[in-house]
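Contents: one structure, followed by commentary.
The values are calculated or read from the model by the stated rules, or taken from the named source; none is laboratory data. A quick note: this is a predicted structure, and the numbers were derived from the prediction, not measured. Because the Cβ atoms are built from the backbone with ideal geometry, glycine has one as well, and the counts that use them run over all protein chains shown. Protein only, heavy atoms only, side chains kept; ligands, DNA and RNA dropped before computing areas. Shrake-Rupley method; radii C 1.70, N 1.55, O 1.52, S 1.80 Å.
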Amino acid sequence: MNDFDAVFDLTESNHEALNADPERIAVGGDSAGDTLSAAISIRRQPQCKTFPKARILIYPVIDLTFSHGSIEELAEGFF
């Protein structure tokens, strides 16, 4: 997570060299990348840092309680 945070800071601070609009930096990914994309905004808010203006989350793990019936119901049998 620290690496992802550092890359976001680097992207933001070098937006001119990257020809990027600092007000439109977005993050995204799938699976573990999704989880990082969701977590970066949560992590940066209490630090009063800017956070992504958009997140593209394909299938992140964001419910750490694992308390929904589908967790057990769909755990096996796909392959």
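Looking only at segment 22-32, filter to residues that are open to solvent by less than 70 Å² (accessible area, probe 1.4 Å) and in a loop (DSSP other than H, G, I, E, B); which one of those is modelled with the lowest pLDDT?
Looking at residues that are open to solvent by less than 70 Å² (accessible area, probe 1.4 Å) and in a loop (DSSP other than H, G, I, E, B), I get 31.
On the basis of being under 10 Å from the mean Cα position of the chain (by Cα) and open to solvent by less than 70 Å² (accessible area, probe 1.4 Å), does residue 11 make the cut? Steps first, answer last, please.
On the way: under 10 Å from the mean Cα position of the chain (by Cα): no; open to solvent by less than 70 Å² (accessible area, probe 1.4 Å): yes.
Here the answer is no, as residue 11 does not meet what is asked.
Filtering segment 33-51 down to residues that are open to solvent by less than 70 Å² (accessible area, probe 1.4 Å) and among the aliphatic types (A, V, I, L, M), which residue is nearest to residue 15 (Cα to Cα)?
40
Return yes or no: is residue 51 in contact with a Leu (Cβ under 8 Å, 6 or more places away or on another chain) and among the aromatic types (Phe, Trp, Tyr)?
Taking the combined requirement at face value, the residue does not satisfy it.
Does residue 9 meet the test of being outside any loop (DSSP other than H, G, I, E, B) and modelled with pLDDT of 90 or more?
Yes; evaluated as a whole, the condition is true for this residue.
Scan (1) loosely packed, with under 10 Cβ neighbours inside 10 Å; (2) of a type outside the set (Asp, Glu); (3) modelled with pLDDT of 90 or more for the single condition residue 54 breaks and write down its number.
It is condition (1) that residue 54 fails.
Inspect all residues belonging to segment 59-79 and state whether any of them is outside any loop (DSSP other than H, G, I, E, B) and in contact with a helix residue (DSSP H, G or I) (Cβ under 7 Å, 6 or more places away or on another chain).
Pass one, segment 59-79, residues outside any loop (DSSP other than H, G, I, E, B): 69-73.
Within this subset, residues satisfying the condition of being in contact with a helix residue (DSSP H, G or I) (Cβ under 7 Å, 6 or more places away or on another chain) are none.
No: zero hits.
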